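Following: one structure in structure tokens, then a few remarks.
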Amino acid sequence: MATDFTVTSLNPLTEGGHVNELVVEHKTYNLTAALVVNDTIAMCTLPANHVIVDCILATDDLDTDGSPAIVLDVGVVGGDTDALIDGSTVAQAGGLARMSEVAGIRIAQSTTDTSIGILTQVAPATGATTGRIDLILISRAAGLDD
């Protein structure tokens, strides 16, 4: 059964106030059980009146099978769940994936914060019960041309 997880931050998000100031939020989720299909992990917050510049997903090997199957998406929790990264196989062996979808930089600014998270699109063949997932979200205050 799919579960919704939320990562709590030990450090508050520092918000940039000017168009060219970048805001970087780095969150970590440590697995305590294997991921299953449709698990959602709410990782980062796109602050109100900000737009996305980039996103980096880093994972350990989360599928220990000889023929790994796990596929992850990164996007808006409860919305376009693959707006930033669609169909990443990075968790099959561990490594990094960067924002690969044009929809990510086109997410319109909002007057409220937007939750950015990871969706398990395809479950692991043999899911690791421990491991680390990091998500780094880079944004900036919206300007006149956004």
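Read-outs throughout are calculated quantities, based only on the coordinates presented, and are distinct from any laboratory measurement. What you see is a predicted model; the values in this text were computed from it and never measured. Cβ placement follows ideal geometry from the backbone for every residue including glycine, while neighbour counts extend to all protein chains displayed.
Treat every Asp and Glu Cβ in the chain as -1 and every Lys and Arg Cβ as +1, leave all other atoms uncharged, and give the resulting dipole magnitude about the Cα centre to the nearest 20 debye. All intermediate terms of the calculation are to be shown ahead of the outcome.
Values: 5 positive and 19 negative charges, 33 e Å.
My answer is approximately 160 debye.
Under the rule of at least 5 residues apart or a separate chain, name every residue whose amide H is placed under 5 Å from the amide H of Ile116.
Met43, Cys44, Thr45, Leu46, Val77
Work out from phi, with θ = phi - 60° and the Karplus expression 6.51 cos²θ - 1.76 cosθ + 1.60, the ³J(HN,Hα) of each residue of segment 128-135, listed in order in whole Hz, and give x for Gly and Pro.
Ordered by residue, 3J(HN,Hα) equals 5, 9, 9, x, 10, 10, 10, 10 Hz.
Given [x] 1.03; [y] 1.31; [z] 1.24 as candidate values of Cα Rg over 2.2 N^0.38 Å, which corresponds to the one derived from the coordinates?
[x]
Taking amide hydrogens as modeled 1.01 Å from N in the peptide plane, which residues meet the under 5 Å criterion relative to Thr81, leaving out close sequence neighbours?
Close amide H contacts, sequence-distant or interchain: Val76.
For segment 70-82, just list the computed ³J(HN,Hα) in residue order, Karplus coefficients 6.51, -1.76 and 1.60, θ = phi - 60°, integers in Hz, with x standing in for Gly and Pro.
So the J values, rounded to whole Hz, are 4, 9, 10, 10, 10, x, 7, 5, x, x, 7, 5, 10.
In nm, to one decimal, how far is the modelled label at Ala125 from the one at Ser100, with both set 7 Å along Cα→Cβ?
Once both label points are built, they end up 1.9 nm from each other.
Test of the criteria: in segment 75-146, which trypsin sites (Lys or Arg not before Pro) are in a DSSP loop and have at most 13 other Cβ atoms within 10 angstrom of their Cβ? Please list the in-between numbers first.
Values: sites: Arg98, Arg106, Arg132, Arg140; in loops: Arg106.
Taking segment 75-146 and a limit of 13 other Cβ atoms within 10 Å, the loop trypsin sites (Lys or Arg not before Pro) found are Arg106.
Jot down the radius of gyration and Dmax of segment 84-146, Cα atoms only, both in angstrom.
When restricted to the Cα atoms of segment 84-146, Rg and Dmax are 14.7, 48 Å.
Springs between alpha-carbon pairs under 10 angstrom, Gaussian network model over the chain: which of Gly117, Gly95, Gly104 fluctuates most?
Gly95
Determine, for each peptide in 81-88, 48-55, 63-70, the mean count of other beta carbons within 10 angstrom over its residues, then list the peptides with the highest first. Provide the component values of the computation, followed by the final result.
Details: 81-88: 21.0, 48-55: 18.8, 63-70: 16.4.
Final packing ranking: 81-88, 48-55, 63-70.
So what is the relative contact order for the chain, in percent, with contacts set as C-alpha pairs under 8 Å and at least six apart?
Numbers: 409 pairs, mean separation 57.5, N = 146.
39 percent.
Quick one: which residues, 5+ away or cross-chain, put their amide H under 5 Å from the amide H of Asp63? H built at 1.01 Å from N.
For Asp63, the qualifying residues are Ala128.
When the helix-only estimate is applied to the chain (DSSP H runs of n ≥ 4, each -39,500 (n - 2.57), divided by the residue count), what is the mean residue ellipticity at 222 nm, nearest 500 deg cm²/dmol?
Numbers: 1 runs with 4 residues, N = 146.
For the chain, the value works out to -500 deg cm²/dmol.
Apply the Karplus parameterisation 6.51 cos²θ - 1.76 cosθ + 1.60, with θ equal to phi minus 60°, to every residue of segment 23-29 and state each ³J(HN,Hα) to the nearest whole Hz, in sequence, with x for glycine and proline.
Per residue, the Karplus-derived 3J(HN,Hα) values read 10, 10, 10, 10, 10, 10, 10 Hz.
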